[in-house]
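This report concerns only the one structure given below.
FYI, it's all coordinate maths here, none of it is from the lab. Small disclaimer: the values here were computed from a predicted structure and weren't measured. Note that each Cβ is placed from the backbone with ideal geometry, even for glycine, and that neighbours are counted across all protein chains shown.
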Amino acid sequence: MPIQKVLIVDDSKTELMFLTDLLQKNGMQVRTAENAEDAFKRLAEEKPDLILMDVVMPGQNGFQLTRAISRDPLYADVPIIMCTSKNQETDRVWGMRQGARAYITKPVDAAELKATINALS
C-alpha cells in the first residue's frame, strides 16, 4: 500500500518545515507534532501510514514514544522511521528494538529518506 499520510514528530520547527516540504513535494499529506502528547492527539485524529520520529524531544523522548506506539494494538502496524541526530550504532540498535522499522540520521538526505519510505510501502 502506498504511503500517503505521514505524521512527523519533531520539536525543531526547522526540521518540521524541511521534512514537510520534502514529503509534500512527493505527493504525501503531512501532519506534525512537536512532542509525545501532540503525537497521540494527531494519531487519535487520523491514523497515518507512516511516522517520522525524532529522538531528542522535551518530555517523552522518541525512543519511549516509538515503544508506546508500536506496542499499541491500534497503531502497531504503522511503520516508524527514526529520524535523529543521534548517530551512534547503539542508538540505532536501541531504536530498532523499540519498534522502529528504519533509522535515518540528520541532516536527512532526501534521496535516502525517499528510498527508505519506498522500501516500507
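Points worth noting:
- Residue selected from region 32-58 under the condition free of Cβ contacts under 8 Å to residues at least 24 places away in the same chain and acidic (Asp, Glu), by the criterion surrounded by the most Cβ atoms within 10 Å (Cβ to Cβ): 37
- Screening region 74-86 for residues that are farther than 19 Å from residue 16 by Cα and not hydroxyl-bearing (Ser, Thr, Tyr) and picking the one that is surrounded by the most Cβ atoms within 10 Å (Cβ to Cβ) gives 78.
- Checking the stated criteria, residue 110 turns out not to satisfy the condition of being without any contact (Cβ under 8 Å) to a residue 60 or more places away in the chain and either under 11 Å from residue 9 (Cα atoms) or of a type in the set (Gly, Ala, Ser) (or both).
- Flag if residue 89 is closer than 20 Å to residue 16 by Cα and of a type in the set (D, E, K, R): no
- When the strands (runs of 3 or more DSSP E) confined to region 1-117 are screened for residues that are β-branched (Val, Ile, Thr) and under 12 Å from the mean Cα position of the chain (by Cα), those reaching at least 3 such residues are found at 5-9, 80-84.
Residue by residue, here is whether (1) buried (at least 19 other Cβ atoms within 10 Å of the Cβ); (2) small (Gly, Ala, Ser); (3) on the phi > 0 side of the Ramachandran plot holds:
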site	(1), (2), (3)
64	no, no, no
92	no, no, no
103	yes, no, no
109	no, no, no
115	no, yes, no
120	no, no, no
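- Test: residue in region 12-31 that is out of contact with any Phe, Trp or Tyr (no Cβ under 9 Å at 6 or more places or on another chain), in contact (Cβ under 8 Å) with a residue 40 or more places away in the chain, acidic (Asp, Glu) and farther than 17 Å from residue 120 by Cβ: yes
- On inspection, residue 27 qualifies as of a type outside the set (Lys, Arg) and at positive phi.
- Candidates 43, 65: the one that is aliphatic (A, V, I, L, M) and within 20 Å of residue 2 (Cα to Cα) is 43.
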